[in-house]
Amino acid sequence: VSHELGNRNNLPAYVLVPNQFAPENGTGYLSTKYGPFALGSNPEDPGFIVKDLNTPKDVSNKQFDRRRALLGAVDDFFKTRESNVDNIKAMDSFYNQAYAMISSKEAREAFDITKEPDSVRDAYGRNAAGQRLLLTRRLIEAGVRMITVTYGGWDHHSNIKQAFESNMVNFDKAYAYFITR
């Protein structure tokens, strides 16, 4: 999806909510620049923020622009000396996408589930399943093309009924609300 369709609205084409379940699952034969964007935190946490989506409070726009220019100069230097230019291009792609997200108010707001009314957050459920699917809905509406949501473990080998019920109750409520909105 990332390779064929690309991103929209300064948002990544592919997002992992919250993180990659199996780190060994990469982009296969495609460049890493087509890999997913991971949140770096859990939407159900009370202090949820997306890792590195905002500039540090003590860094001004001017300082941020200077740092970006310096990074560009370092990248240009290494591009002439590095044998694996694909890795550098992939990193450039990640940096450019990050700069676009940081500078886009709409992109930052897409990740902000606190913008949802309490009644909607409650309807999804204030738990891992509910808040992850709520964020998924917000990201889809904002333009993210593909999202992988991880929630619980479904590969049960013992206490199957109890394990399934503990995962399914919250997921069922959240998913039912997700598909009807």
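Do you know which residues across segment 98-107 are within 12 Å of the chain's Cα centre (by Cα) and open to solvent by 30 Å² or more (accessible area, probe 1.4 Å)? Spell out how you get there, then give the answer.
Narrowing segment 98-107 to residues within 12 Å of the chain's Cα centre (by Cα): 98, 101, 107.
Correct list: Ala98 only.
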Val15 passes all but one of (1) closer than 13 Å to Gln97 by Cα; (2) surrounded by fewer than 18 Cβ atoms within 10 Å (Cβ to Cβ); (3) of a type in the set (Val, Ile, Thr); which number fails? (2)
Apart from one, (1) within 21 Å of Asp112 (Cα to Cα); (2) open to solvent by less than 40 Å² (accessible area, probe 1.4 Å) all hold for Gly35; the odd one out is (1)
Criterion first (under 23 Å from Thr114 (Cα atoms), assigned to a loop (DSSP other than H, G, I, E, B), open to solvent by 70 Å² or more (accessible area, probe 1.4 Å) and out of contact with any strand residue (DSSP E or B) (no Cβ under 7 Å at 6 or more places or on another chain)) does Asp52 satisfy it? yes
Could you please find all residues in segment 108-155 being among the hydroxyl-bearing types (Ser, Thr, Tyr), open to solvent by less than 40 Å² (accessible area, probe 1.4 Å) and at pLDDT 95 or above? Tyr124, Thr136
Within segment 124-177, can you find the residues that are among the acidic types (Asp, Glu) and closer than 25 Å to Pro36 by Cα? Glu141, Asp155
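The values are calculated or read from the model by the stated rules, or taken from the named source; none is laboratory data. Since this is a predicted model, take the numbers as computed values, not measurements. Here the Cβ is made from the backbone with ideal geometry for all residues, glycine too, and neighbour counts use every protein chain on show. The accessibility values were calculated without ligands, DNA or RNA, using every heavy atom of the protein model including side chains. Shrake-Rupley method; radii C 1.70, N 1.55, O 1.52, S 1.80 Å.
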